[in-house]
Structures are given as C-alpha cells and as structure tokens.
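Student: I am attaching a structure below and will ask some questions about it afterwards.
None of the figures in this text is laboratory data; all of them are computed from the coordinates on show. Everything quoted here is computed from the prediction, not taken from an experiment. Cβ: placed from backbone, ideal geometry, glycine included. Neighbour counts: every protein chain shown.
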Amino acid sequence: MVKPANIRLRLGLLFAFLGLASLSSIIAALWFNYSRLTNSDITSPLKNDEIFSSFINTGLMAGFAVIGLTLFIWRLFDENIAKAIEQLAATLRARAHTDLRDEATPGHNGYLGDLGPAASALTKRLSEEKYKTAEAIAKETARLEAEKNQLTKLFSDIPLGIIMVSNNDHITLYDGQAAAAFEDYHPLGLGHHIGDYFCQTSLNEVCADLRKQPPGADRDIRLPTADRSLDFDACIRLLGEGLGYVIALSAENKGLAARPLVFDFSINENLTSAKLTNQEADQKLSDLCFVVFDTETTGLSTTSDMVIQIGAVRIYKSRRIDGEIFDLYVNPQRPIPSASTKVHGITDEMVNGAPLFPKAAEKFHRFSKNAVLVAHNAPFDLAFFKRDGESRSQRFDHPVLDTVLLSAALFGQSATHTLDALAERLGVTIEESVRHTALGDAIATADVFLKMLPMLKAQNITTLKEAQTAMRQHQRLLKIVNDDSSK
C-alpha cells in the first residue's frame with residue numbers, strides 16, 4: 001500500500017502550483033498585449049522599447065505581488081491548518097494504538113473549527129472504554145503476577161539452574177540460578193537458540209536417546225558449552241510430545257531469589273525453525289529482538305569524551321523482558337567533570353574499580369548479540385562503540401533504529417523529539433531519580449519505543465526495512481538535535 005503524501009507537503013505543492021500558474025498567466029497576458037501593440041500602427045523603435053520596458057516592470061510588480069500573497073496564504077495554511085491537522089492526526093493515532101487513556105486535546109486547532117472538539121469527544125469515549133478494559137486486565141495481571149512471584153521464589157530457592165527449551169531449540173524459560181551461571185559467558189535471553197550456549201551435538205544425542213525411553217526418563221550428563229570452554233553437570237528431561245525439554249544445571253544457592261524467573265511459553269508455538277541469528281530487513285518488527293540502550297559520558301564530544309555508564313534492556317516479541325537488563329559502570333581513566341556529574345550524578349568514586357571501556361563494550365556486545373539496537377539519538381551513543389569498542393572479534397554492525405527519527409515519522413518533523421517530550425506525549429513516566437542514568441533512560445526509551453510499534457504498524461511501517469526507510473526521510477533532524485544538545 002502506497003503511503004499518502006504528507007498533508008503539509010501537498011498543501012505546499014498546491015500553493016506552489018497556484019503561484020506559478022498565476023505568474024505564468026501574468027506573463028502570458030503581458031506578452032499577448034505587447035504583441036498586439038507591436039503589430040499596430042506604433043512603429044517607432046523607441047516607442048516599442050518604452051512599451052516593452054513598461055510591460056516588464058508591470059509584470060515583475062504583479063508577479064512579485066502574486067508570489068508574496070501566495071507565500072503569505074500558504075504560511076497561514078501551514079501554521080494554522082496543515083500543522084494542526086498533522087498534530088491532531090498524530091495525537092489521535094497515539095490514542096488509537098497505545099494505552100493512553102486521556103482525551104485528545106491538541107493545542108492550536110482553532111482554525112479546524114469543530115474538528116478539534118469532535119476529536120476530543122471521540123477520544124474521550126474511547127478512553128472510557130479503554131479504562132474499563134484496562135481495569136479488568138489489571139486485576140487479572142495482578143493475580144498472574146502474584147503467581148509468578150511465588151513460582152520465582154520456588155525456583156530460586158532450589159539449588160538448580162533451570163533452562164526450558166522449546167521443541168525447536170529456543171529458550172522459553174530460565175531462572176536466576178541459570179542466568180547467574182552464564183552471566184560472564186553469554187547472557188541468557190528468551191528466544192535465543194540453545195546452541196549459542198551448549199554443544200548442540202551433545203544435546204541432540206541425549207534428546208534422541210531419551211525419546212526411545214519411557215515417558216519421564218532423564219539423563220545425567222557432563223554438558224559442555226558451545227565453545228567447549230566450560231562443562232556443567234546437568235540433567236536433561238523431555239517434557240512431552242512437541243513440548244521440548246528441560247536442562248537442570250547443578251548450582252549452589254547463592255541468594256539469587258531477587259533475580260526474576262524469565263519465561264514465555266508462546267515461543268514454542270510461534271517460532272519457526274528459522275533462528276534469530278540472521279536479522280533480515282524484511283522481518284516484521286513484532287518478530288524481532290531489540291536491545292534498547294543508552295550511555296552516560298564525561299561530556300558531549302564523541303571524539304574526546306569517554307563513556308562512564310552503559311544501560312540496556314531487551315525487548316522480545318513486543319514486550320520488555322524485566323529480567324534481561326544490562327547496567328554497568330565504566331572507568332574512563334580520567335576525572336569526571338563536575339558539570340557532567342551534575343547531570344547524571346556519577347562521580348569518580350562510583351566508577352573506581354569498574355571495567356575499562358573495551359571490556360565493558362565486549363560485555364555489551366555479548367548482551368546485544370543477534371538483536372536490533374535501539375537508542376534515542378543513536379549516532380551519538382554508537383560513536384563511542386565504533387571509536388573504542390570494536391576489535392577483530394567483535395563489530396557493532398547491528399541494525400539500528402533511532403527513536404528521534406521514528407518520532408519524526410510519526411508526529412512530524414516540526415514536533416519536539418526530546419526523550420522527555422516523547423515520554424509525556426505517549427504517557428511514559430520517567431522517575432526523576434533515574435533520569436539521566438543509562439539504565440533509567442534506556443528503560444524510558446524502551447517504553448516509548450513499545451508505544452511507537454503499534455503506531456508504526458498503523459502507518460503500514462511493519463518491517464525493519466520500512467522503519468529504516470522512514471527514518472532516512474528525516475535524517476537531517478539528527479544534526480539539529482545534536483547541535484542543540486537536546487539528547
């Protein structure tokens with residue numbers, strides 16, 4: 001489906017046509033009259049020159065008047081009608097495709113007549129219905145959350161690391177013990193292929209043998225990791241026909257009860273045999289894994305300043321996975337300027353003993369493996385990884401989405417695209433205590449991005465390629481953002 005042209009662009013082209021048509025009409029009329037005069041009984045060359053000069057002056061004056069009037073009227077239309085319609089459309093879209101429950105009250109819509117109040121009334125009614133539905137969902141969610149907390153405590157108190165794997169070898173559940181075991185190797189992630197962690201050949205052999213055994217049979221095994229650098233004492237048990245299997249790792253209880261149990265059993269139903277290791281541009285956004293990240297730095301120069309904190313969260317199947325976070329201080333090997341500390345609150349004492357940036361970048365690279373990176377003003381943050389974080393064994397060549405440019409695609413380039421403005425517009429709350437911390441801003445950006453996904457879908461932007469194309473149309477906006485230091 002071809003996306004309709006922007007209303008402001010269409011109105012601009014309309015008035016441009018009006019101006020050119022008017023100017024062409026004036027020139028044609030002047031030329032016609034001049035031709036008639038020169039073909040009359042006026043034969044003096046001097047007289048002809050005077051007439052021609054007079055016609056030219058008259059035409060120029062009339063032409064400039066038409067162009068000036070056209071520009072003036074276009075400006076009025078653009079500021080008071082086109083821009084108001086664009087803002088109203090974005091406001092309605094946000095409420096139609098997100099969980100915002102307030103009515104649409106876009107400012108500066110007096111020129112739209114009754115359209116503004118009608119839109120406000122419509123969204124008020126929609127908000128009331130959404131509130132009733134959300135209230136019912138909230139009650140059921142609270143009940144399920146309580147059950148999840150009980151299950152989390154149960155798993156965390158057992159001195160075993162549990163990993164549940166779907167029939168197509170993707171992780172559907174893991175507990176805090178298992179997450180801790182792999183923290184320094186390759187962080188566990190929902191939907192990740194189990195072959196990224198354990199020797200696939202060993203797993204296949206054990207599972208094939210268990211399928212020949214009576215139901216409920218299990219097998220103890222010394223299970224090597226994918227690169228065979230580590231071995232785990234493990235017990236493997238099949239779950240039943242088409243349900244996959246469970247890997248139980250021997251582990252000591254190290255007080256990890258606070259780590260959440262992470263699971264999504266729908267992975268077993270919706271994933272095909274295709275792995276997420278190859279991100280294709282035509283994949284749907286709803287099928288992709290995203291790592292939303294942010295950095296805090298010693299300053300705003302991507303050439304001379306250093307990263308002092310990296311924060312990130314993972315989004316999988318259009319939801320933020322609470323248990324999959326990355327939060328790490330980085331030692332810049334230099335004093336942190338007091339002006340920067342006033343912004344993010346990070347002091348020299350807080351980064352003392354933290355890993356240097358190459359090591360921190362290596363950890364983050366493992367965390368973001370096979371994911372699309374998302375950031376607010378992504379070129380700024382990525383510049384540090386490109387400058388100091390890449391090595392022969394790791395390159396930050398992930399696909400990238402930028403919430404600044406996606407905001408421009410959704411709300412128009414004339415809107416404000418700071419993180420605070422986006423959060424307010426989409427009903428995302430950013431706690432003041434975590435604002436300008438890497439993890440706090442990453443969580444806020446992730447929540448904003450999740451609100452954007454259904455809005456992008458409503459505009460027929462459903463794949464990674466389409467999202468990147470929409471961003472390229474507003475690429476020049478990033479220069480304005482960075483020049484204004486509004487990140």
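Student: Just rank 329, 197, fewest to most, by other beta-carbon atoms within 10 angstrom.
Tutor: Lowest to highest Cβ neighbour count: 329, 197.
Student: Extension gain residue 435-residue 390, at 0.36 nm per residue separation less the Cα-Cα distance, in nm? Spell out each step's value before the answer.
Tutor: Working: separation 45, 0.36 × 45 = 16.20 nm, distance 2.81 nm.
Computed gain between residue 435 and residue 390 is 13.4 nm.
Student: How long is the gain from residue 473 to residue 350 if the chain were fully straight, where each residue apart is worth 0.36 nm and the alpha carbon distance is subtracted?
Tutor: Details: separation 123, 0.36 × 123 = 44.28 nm, distance 4.08 nm.
Fully extending the segment from residue 473 to residue 350 adds 40.2 nm.
Student: Taking other Cβ within 10 Å of each residue's Cβ, how do 24, 318 sort, fewest first? Please report the intermediate quantities before stating the final value.
Tutor: Values: 24 11, 318 15.
The fewest-first ordering by Cβ neighbours comes to 24, 318.
Student: In whole Hz, with x marking every Gly and Pro, tabulate ³J(HN,Hα) for segment 223-232 from phi via Karplus 6.51 cos²θ - 1.76 cosθ + 1.60, θ = phi - 60°.
Tutor: Karplus values, whole Hz, x for Gly and Pro: 9, x, 6, 4, 9, 6, 8, 9, 10, 10.
Student: Same structure, new question: Mind giving me the FRET efficiency for residue 220 and residue 140? R0 is 35 Å, r the Cβ-Cβ distance, nearest 0.05 is fine. Please report the intermediate quantities before stating the final value.
Tutor: Working: r = 40 Å, r/R0 = 1.14.
It comes to 0.30.
Student: With θ taken as phi - 60° and the coefficients 6.51, -1.76 and 1.60, list the Karplus ³J(HN,Hα) couplings across segment 344-352 in order, rounded to whole Hz; mark glycine and proline as x.
Tutor: 9, x, 8, 10, 4, 5, 5, 9, 5
Student: For segment 439-446, take each phi angle, set θ = phi - 60°, evaluate the Karplus expression 6.51 cos²θ - 1.76 cosθ + 1.60, and give the result in whole Hz per residue in order, putting x for glycine and proline.
Tutor: Result, ordered by residue: 5, x, 5, 5, 5, 4, 5, 5 Hz.
Student: So who's got an amide H within less than 5 Å of the one on residue 308, skipping anything under 5 residues away but keeping other chains? H placed 1.01 Å off N, in plane.
Tutor: So residue 308 has HN proximity to 296, 297, 298.
Student: In segment 279-487, what percentage of the DSSP-assigned beta bridges are antiparallel, given to the nearest 5?
Tutor: In segment 279-487, DSSP labels about 70 percent of beta bridges as antiparallel.
Student: One quarter of the convex hull surface, Cα atoms only: what value does that give for segment 279-487 in nm²? Display every interim value, and only then the final one.
Tutor: Working: hull surface 44.6 nm².
For the Cα atoms of segment 279-487, the hull's average projected area reads 11.2 nm².
Student: In this model, which of 317/363; 139/317; 386/465; 284/451; 83/457; 317/359 are farther than 26 Å apart at the alpha-carbon? All intermediate terms of the calculation are to be shown ahead of the outcome.
Tutor: Values: 317/363 23 Å; 139/317 23 Å; 386/465 23 Å; 284/451 16 Å; 83/457 22 Å; 317/359 29 Å.
The pairs that break the limit, which is 26 Å between Cα atoms, are 317/359.
Student: Right, another one. Modelling each spin label as a point 7 Å along the Cα-to-Cβ direction, I'd like the residue 13/residue 282 distance in nm, to one decimal.
Tutor: Label at residue 13, label at residue 282, 2.8 nm between them.
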